[in-house]
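Here's the structure we're looking at; comments come further down.
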Amino acid sequence: MLDAATLDSLAAAFAALGRLHREAPDETALRGFRDLIEDWPLAALEPEGKDSAAGPSNAGPSNAGPSNAGPSNAGPSNAGLPSAGLPSAGLPNSGSSSAGPSNPGPSNPAPAGAAAVGEAGTADASTRTRWHGGTDAGRAATGAGMEQIRESARAGETPEEIRRDHDLLYGDTAAARVAPYESVHRGVDGLVFGEATLEVRAAYQALSLQAPKLNQEPDDHIGLEFDFMAQLTLQVIDALYGDDAARAEKLMTHGTDFLRDHLLAWAPQMLDLATQHAQTHFMKGVVLLSIGALDSYAELLDLPFERP
């Protein structure tokens with residue numbers, strides 16, 4: 001039986017990470033993410049082995065999101081985090097001119113602010129139930145990622161330093177240390193806009209979603225694929241609260257296929273490379289949190305997560 005609280009936690013994590021893979025945060029978003037990392041929606045094993053999955057710490061600011069947003073308000077909200085300085089990962093509805101992700105049907109107003117956890121899904125960070133799933137290895141990656149984000153704050157890493165690392169890592173202003181596109185890692189020629197790109201585009205279109213710069217930038221950026229899983233998950237939640245079990249199951253089957261045939265087929269290797277090449281604690285944290293999130297969703301769906 002599908003559990004909306006678990007799905008909500010996964011949607012929040014994938015939405016946040018999708019944004020951070022796509023674009024580095026500005027000062028406001030960076031501060032918000034650091035402040036709310038203790039409310040990360042997925043359980044973690046701390047580096048020293050101490051389980052940090054006791055539950056949310058309620059450490060976030062009171063304006064981190066819509067307070068006590070219950071299931072009745074769920075509607076397909078704007079998947080992701082419409083925070084100041086942390087732009088949408090993309091995937092507007094097909095034909096939509098919106099710059100941010102949106103889903104069919106009514107949506108709750110997007111809360112303002114810089115909270116980088118908690119604005120995707122049906123609950124804010126201070127009220128969300130942290131999901132305790134995932135393997136020990138995945139939970140350890142999540143714990144290590146959280147510690148890297150803390151270390152980023154302790155080291156005083158600036159938005160400029162993080163942006164430079166993000167650019168060098170993914171090739172926004174230079175040759176990529178780690179290509180963030182599925183087609184590069186899976187295609188025979190190692191080029192963008194390969195067969196994988198078209199397959200990913202079709203998966204998006206099945207949910208009436210599309211990449212924000214269609215035919216200009218590849219659809220299979222890791223940030224867009226993470227955002228797709230977040231949006232799909234929110235649609236599942238909406239179906240559950242609408243008592244449409246058949247649609248929820250159909251969407252989950254689509255999500256299972258996408259996770260197995262796409263993200264799990266290349267992202268673990270790509271993220272492993274990124275942990276080796278990232279220069280800032282912040283980007284290392286984002287990568288490790290991404291490994292933990294993939295592990296958590298794979299474990300929920302009983303899919304193998306093969307690490308390098």
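Summary of values
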item: Lys, Arg +1 and Asp, Glu -1 on Cβ, resulting dipole of the range 128-279 about Cα centre, debye, nearest 20; result: 320 debye
item: Per-residue HN-Hα couplings for the range 231-241 [Karplus 6.51, -1.76, 1.60; θ = phi - 60°; Hz; x = Gly/Pro]; result: 5, 4, 5, 5, 5, 5, 4, 4, 5, 4, 6
item: Rg/Rh (Cα only; Kirkwood hydrodynamic radius) as it applies to the range 198-308; result: 0.99
item: Environment charge at GLU225 (Cβ cut-off 14 Å; Lys +1, Arg +1, Asp -1, Glu -1); result: -3
item: Mean Cα-pair separation over length for the range 157-268, i.e. relative contact order, pairs under 8 Å, 6 or more apart, %; result: 19 percent
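Taken together, the values in this text are just the output of simple stated rules run on the coordinates, not laboratory data. Remember, predicted model here, so these are calculated numbers, not experimental data. Positions of Cβ are generated from backbone atoms using ideal geometry, with glycine treated the same way; all protein chains shown enter the neighbour counts.
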